[in-house]
Amino acid sequence: MTASPVIKAVTNFKQVSKTLEEFDVEEQPSSLLEKRYPNIRVIQSGVKQLKSDEHKIYTEDGKEYIYEKLCLCAGAKPKLIVEGNPYVLGIRDTDSAQAFQKNLAQAERIVVVGNGGIALELVYEIQGCEVIWAIKDKAIGNTFFDAGAAEFLIPKLTAKSQETPIECKRTKYTVEGSEERSTAAPDRLGSALGPDWHEGLHLKGTKEFSHKVHIEILCEVRKIHLQQEFIQLQRTSLTFPKGEKNVEPDEVLWPVYVELTNGKIYGCNFIVSATGVVPNIGPFLHGNNFAVGEDGGLKVDKHMHTSLPDVYAAGDICTAAWEPSPVWHQMRLWTQARQMGWYAAKCMVADALGESIDMDFSFELFAHVTKFFNYKVVVLGKYNAQGLGSDHELMLRCTKGHEYVKVVMQNGRMMGAVLIGETDLEETFENLILNQMDLSAYGEDLLNPDIDIEDYFD
């Protein structure tokens, strides 16, 4: 059952190592799924209400369906810095990404707020438009890496020209009359974007330069002023900073102004809110006593079962409430959503057949591979020393413009790693984290580029 006329399909799936996987996500018409699997029926409608005590679902088109087992996979929605402001765009699904592309084509300056994956990809991909990037942290991309890795990546932001990005293989299906759909229901959530969502989009503003990004650190948005309000305030906004100290008052009148908590005000054409997501549990709560996690997701046990009988959940909508492996944590990412969906299906079948099932191997180790600033980025285990306390140590190896390798060690054992560039170390490090071998004897040699570490541990 889906509110969207298209479904997301995983294509070009590649098992990079035991736990790392790469894939593309394509939108396909749901009829393809029904053709391929005759036992599947796709119902296109939003859910109006779930009555779990009656095992019934009521849809927006007035029908009701009885289920034996139900899995909720409604994802998450963008956490917008302010709701209902036409100048604030969230980027969540294919429709909002295209709306962004359309707005950007007429823009001279935008403000990007947020420091996760989407913000990182955006500021790198945008050309011909000034970007003011406001982040609440000290360094960029702190969801995925530390200040050292951020320093390694920053030169790419200021580079005059970009390398050719790797060709995109994604196809986009539209559905007749989809224009009406996206304008008529701004609150209707499309399905989440794929991992390579910005490829195939033309992200260019009105100017002729390639990159112009200014980062404002340790700040958040205090207030957003529309043009009229701003004129009445009689405050000064700033031009795009040229050097360290060179900040001048801006003579241009902008449609909207962003006031940051550091006191600075910048005018812009629009604001992109890329400040994360919140689980989309709203449609299912009424009349159902779900246990909900601190992050707003439906709590699930190690068999993806919610607190209600015969109701499971997977992906961004759920909160993993089991005792996790010491080197795994939940993160609302495509890779985890795919693994959870796959595992939830196995659990539902096992339960229906009265069989027992072991926890899936993909939850043994946190592993994610992605691409930022045209570098391959692999994060493994407790890559930012999450929850390890102060008795851990870091080992680093960095070759400017080429690779950045960081490992997190505790009691001589590898607990996590960040690999940027073509390091070829992911499989070796994955094994070292999984088997928790004592590496004290190797000391600094662990990252010595003249020693072929793979030969040691194959």
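How much length is gained if the chain between Glu427 and Lys400 is pulled fully straight, taking 0.36 nm per residue apart and subtracting their Cα-Cα distance, in nm to one decimal?
So the extension gain works out to 7.4 nm.
Of all accessible surface on the chain at a 1.4 Å probe, what whole percent is carbon and sulfur?
Percent of accessible area from carbon and sulfur atoms in the chain: 50.
What percent antiparallel are the DSSP beta bridges of the chain, to the nearest 5?
70
Just round it to a whole percent: the fraction of Cα-Cα distances in the chain exceeding 39 Å.
Details: 28768 of 104653 pairs.
Within the chain, distances greater than 39 Å cover 27 percent of Cα pairs.
For a 21 Å ceiling on Cα separation, which of these pairs sit above it: Lys14/Lys400; Lys302/Lys346; Lys14/Lys302?
Lys14/Lys400; Lys14/Lys302
How far apart, in nanometres, would the label points at Glu68 and Lys138 be if each is projected 7 angstrom from Cα along the Cα-to-Cβ direction?
So the label points at Glu68 and Lys138 sit 5.6 nm apart.
On a full-extension model of 0.36 nm per residue, what is the gain between Gln436 and Phe240, subtracting their alpha-carbon distance, rounded to one decimal in nm?
Taking 0.36 nm per residue and subtracting the Cα distance, the gain is 65.6 nm.
Remind me, what semi-axes does region 1-154 give for its equivalent ellipsoid, largest first in whole Å, using sqrt of 5 times each Cα gyration tensor eigenvalue? Spell out each step's value before the answer.
Numbers: eigenvalues 262, 91, 58 Å².
So the equivalent ellipsoid measures 36, 21, 17 Å along its semi-axes.
Starting at 0 and stepping by 10 Å, how many percent of the alpha carbon pairs of region 301-458 end up in each bin?
Histogramming region 301-458 at 10 Å steps yields 10, 35, 29, 18, 7, 1 percent.
Sort 290-299, 41-50, 270-279 by the packing proxy (mean of other Cβ within 10 Å over each peptide's residues), most packed first.
270-279, 290-299, 41-50
Hey, what's the per residue convex hull volume over the C-alpha atoms of region 393-452, in cubic angstrom?
Convex hull of Cα atoms, per residue: 77 Å³.
Ratio of alpha-carbon Rg to the 2.2 N^0.38 Å globular estimate for region 357-432, to two decimals, please.
1.15
So what is the calculated 222 nm ellipticity per residue for the chain, using -39500 (n - 2.57) for each DSSP H run with n of 4 or more, over all residues, to the nearest 500 deg cm²/dmol?
On the way: 10 runs with 91 residues, N = 458.
That comes out to -5500 deg cm²/dmol.
Among Gln15, Ala3, Val88, pick out the residue whose Cα is farthest towards the positive end of the charge dipole of region 3-110, where Lys and Arg carry +1 and Asp and Glu carry -1 on C-beta, about the Cα centre.
Gln15
So if each residue of separation counts as 0.36 nm, and I subtract the Cα-Cα distance between Ala9 and Asn85, what length gain in nm does that give?
Working: separation 76, 0.36 × 76 = 27.36 nm, distance 3.25 nm.
Between Ala9 and Asn85, full extension yields an extra 24.1 nm.
Leaving out ligands and nucleic acids, and using a 1.4 Å probe, what accessible area per residue does the chain come to in Å²?
Value for the chain: 49 Å² per residue.
For region 92-159, take N as its residue count and report Rg(C-alpha) divided by 2.2 N^0.38 Å.
Ratio of Cα Rg to 2.2 N^0.38 Å: 1.16.
Treating only the Cβ atoms of Lys and Arg (+1) and Asp and Glu (-1) as charged, compute the dipole magnitude of the chain about its Cα centre; round to the nearest 20 debye.
Details: 46 positive and 66 negative charges, 297 e Å.
Value, rounded to 20: 1420 debye.
Work out Dmax and Rg for region 1-79 from the C-alpha atoms and quote the Rg first, both in angstrom.
Answer for region 1-79, Rg first and Dmax second: 15.7, 47 Å.
Using only the alpha carbons of region 214-321, determine the length spanned along each of the three principal axes and report them from longest to shortest in whole angstroms.
62, 30, 19
The values are calculated or read from the model by the stated rules, or taken from the named source; none is laboratory data. Please read all numbers here as calculations on a predicted model, not as lab measurements. Here Cβ is always computed from backbone atoms with ideal geometry, including for glycine, and neighbour counts include all displayed protein chains. Heads up: the accessible areas ignore ligands, DNA and RNA and are worked out on the full protein's heavy atoms, side chains in. Shrake-Rupley method; radii C 1.70, N 1.55, O 1.52, S 1.80 Å.
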